[in-house]
1. Under the rule of at least 5 residues apart or a separate chain, name every residue whose amide H is placed under 5 Å from the amide H of B:THR71.
2. For A:ASP148 paired with A:ALA195, estimate the spin-label separation in nm (one decimal), with each label point 7 Å from Cα along the Cα-to-Cβ line.
3. Over 20 Å between Cα atoms: which of A:LYS417/A:LYS446; B:LYS218/B:LYS394; A:LYS68/B:LYS303 fall into that group?
4. Under 16 Å Cα-Cα from A:LYS299, which aspartates and glutamates qualify once same-chain neighbours fewer than 8 residues away are excluded?
5. If each residue of separation counts as 0.36 nm, what is the full-extension length gain between A:ALA13 and A:ASP213 once their alpha-carbon separation is subtracted?
6. For chain A, what's the radius of gyration and Dmax over Cα atoms, in angstrom?
7. Report the calculated FRET efficiency for B:GLU329 and B:LYS274 (r = Cβ-Cβ distance, R0 = 25 Å), to the nearest 0.05.
8. Sequence-distant or interchain residues sharing an amide H contact under 5 Å with A:LEU36, placed H: which?
Amino acid sequence: MTLVATRPGTGEARPYTFPELRRVTVGGGTVIAAHLPGQRLASAILMLDAGAAHEADGREGTATVLAKSLEEGTKARDSAAYALALEGLGAELSPSVDWDSFRVGLSAPVPLLLDAVRLAAEAIRTPRLDAADVLRVRDDEVTALRMDWAQPGPRADATLRSDLFGSGRYGRPLHGDPTSVAAVTVDDVLAFHQAWLLRPGVLLVAGDLDSIDLAALGEAAFGGTTGEAHPADGPLLWSVRDHRRVILVDRPGSVQSTLRLGHRSPERATPDYVPITLAATVLGGAFTSRLNHLIREVKGYTYGIRGSYAMSRRFGRFEVAAGVQTAVTVPAIVDTLGEIDRTQLDGVTEDELAVARSWRAGQLSVEMQTPGAIVGALSTLVLHGLPDDYYPSLRKQYLEATVEQVSAAAAAHLHPKGLTLVVEGDAAVIRDELVAANIGDVLDAKI
Amino acid sequence: MVSEDRSSPVVCVNLWYDVGSRHEPAGQTGFAHLFEHLMFEGSVHVTKTEHMRLVQGNGGSLNATTNPDRTNYFETMPSEHLELALWLEADRMGGLVPALTQETLDNQREVVKNERRQRYENVPYGDAWLRLLELLYPPGHPYHHATIGSMEDLNAASLDTFKAFHQQYYAPNNCVLTVAGDAGKDEVFALAAKYFGALAPVAGIPPAPSSHLAGPAKTPARETVTAAVPAPRIYLSHRTHPFGTAGYDAITVLATILGNGRGSRLYQRLADGKRIAQPDYIGSYGVDLAHAPAPLIITATAKDGVDVAELEEGLAEVVASLVTEPVTEEELSRAKALLTTAWWRSLSTVGGRADTLGRYATQFGDPATVAYRLPQWLAVTADDVTTAAAYALKPESRVTLTYLPEGEE
């Protein structure tokens, strides 16, 4: 035999470290920077308290329209000149909106970072926002959402969100829907900018700090800003439902059914963050997870199935997501429910947890090599008020979590009997079987 | 190959096998990719599911991809698990066949069929790439069929075919092993010798079917598809030059000038300017294939109420402008700045670096040639772009694929 039969052991691990952090307060704002010696590119994010949660009812998508309008010209130059100036540095802006924040990210070669941040600040703080441009961007966004909603998934996501979070902002899609975006006015966009984008915020930087002047970056990012940070709102109230419901979203002719099974769960600050993350990893996070193993590797029903908790400042939700072949929609759901049930009732095993622990811990090195990844990690620290030594401490908590702790978290935070099961697929083919399966009342989505 | 970098305590192990869908004979489309799936299902000393469990269960990330040219496998691990990764790769290079079972094949065939449904059949415009390849490359050409393959061929796949496939192509003399990151070359070379050193080379690996094509097509091709799509969309495509040639470097810069970013000609003239194209869905890019003239793809989606003919005319005008309106210094430097950032970003992870080195070693025989790519992009002149456009983007060599929403034909 030419192969080595014995599996090799483990070499000596280097101690885990997170990059050194530096802080500079300037111009009413704070720069938080991670030192990555030798990197040619640097990344920055200007993070503002201007998340989608601030949007008015019926105008969901206002922040997204604003984000997409920022590059339609500034007080200093028109949109074509702005694009040439920024892209001439090799940089592009990535504005994004989430529930808790509004971010504008960019990356550039280290010597060009200051110029790129100056241009980003120009667009964020002093955009032109001409009425005609804002209306055109809004109409384009309505069209873009229609394009997106023609894919499998977004309508199922919106249906699940609405069912779990009810009326109000959190029950509506993060970026709004075609109707709410169409209702956004120029005044909505201007008011959102005035209220939320002129406060200093926080500038996050990752790169070779030996060649980066943090004070100059801060002056560029915070110049001309006013106002204070908005005090954080507490978590939303919620309870677990005591029955299941199935909501059918019709997609005629669909060759797969898109599954979104979910329920509410604790927000990011929960003391159970580590054990519920590990429980979800065993159930549906890793490739060898219970769900992926059974539904993909044994049954061949899907290309992939995932289960996870998403946690923001004010809410959390558990979700299982998959696309399954239409003909096996009901068997796939039944098997999925079986695995959720089993995990909730019996917890996890030491063998499974060993994989989850090491994977989560190792990913804190493997997935944090680049300035872009590190600057993203900084944003998590700031958003959730976590200490500078959070990542080393998180790694330790993952590695030390016990079967009892993780099983207890699964028992407490999985609610298979309170799930909402959204099924987006060819209703004419799957409806009768779904009803007959008696999983829960079958309703038709109003979407 | 070893690229030592101690900045993070992680290491990537990457293998490029010089076999892709271009090697597939008629009736066996999709086999190279389905085979890639089988490589994760166990080998002589690794039980089914154990490969994934050992990599993820030691903190690693892993994947594999198949394209027309080649198949690559890679895992990035905390560096104390380098030896484990090499052992796993050697075991499936040298010991896959005895572990292959009908049950595994049947299961992964269903997984791949679901991959095809999810990526190509169940999404609007999802089959564009499959259609473009058939229009760009003549029947029988190794790039004519898509890597995902046809349902019919996948259904017909037999276990013996896959065993033979492995024995033919999964040999040390058909593979480049690259390790990048937190490991030194002496250590890696010793470990490579230990785990791969005794694997026998395979004599007489057959070359892929001839892929020679004399540049762009001589006659245009056109297909119009009426389907469940939300808006009319056009793909224009041309065969250009093979990846790795000076001509393709000019095409890469051209694609960036034409359709990458808000400052590109397509964005400025059709999304802004005439406002006939949706700003989120306009662009152009080359597909970096090395064994025949590679495609340039140009795409735009009509705004509400815009006639598809008007959009096509607009696209054709902007493409023609690359010849009639010389590229300005500002356009050229914008494109080079964006390409520079993209280049360094692609090398900023150990995974990206290992894969790039593996590509250059496999396709050009020398990993050191990787150092020439960025300087060659930066050396492209405005004249080079005009010449490339005049050569490759003629209307008579154009493939035009148009999608129309149902009920609007």
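FYI, it's all coordinate maths here, none of it is from the lab. If you're wondering where the values come from, they're calculated on a predicted model, not measured in any experiment. Here the Cβ positions follow ideal geometry from the backbone for every residue, glycine too, while neighbour counts run over all protein chains shown.
1. The list, which skips near neighbours in sequence, is B:TYR17, B:VAL19.
2. For the pair A:ASP148/A:ALA195, the computed spacing is 2.1 nm.
3. From the list (A:LYS417/A:LYS446; B:LYS218/B:LYS394; A:LYS68/B:LYS303), the Cα-Cα distance tops 20 Å for A:LYS417/A:LYS446.
4. Candidates past the 8-residue exclusion: A:ASP335, A:GLU339, B:GLU41, B:GLU103, B:ASP106, B:GLU110, B:GLU115.
5. Here the answer is 68.6 nm.
6. Rg, Dmax (Cα atoms, Å): 23.7, 75.
7. Here the calculated transfer efficiency is 0.50.
8. Under 5 Å from the amide H of A:LEU36: A:GLY207, A:ASP208, A:LEU209.
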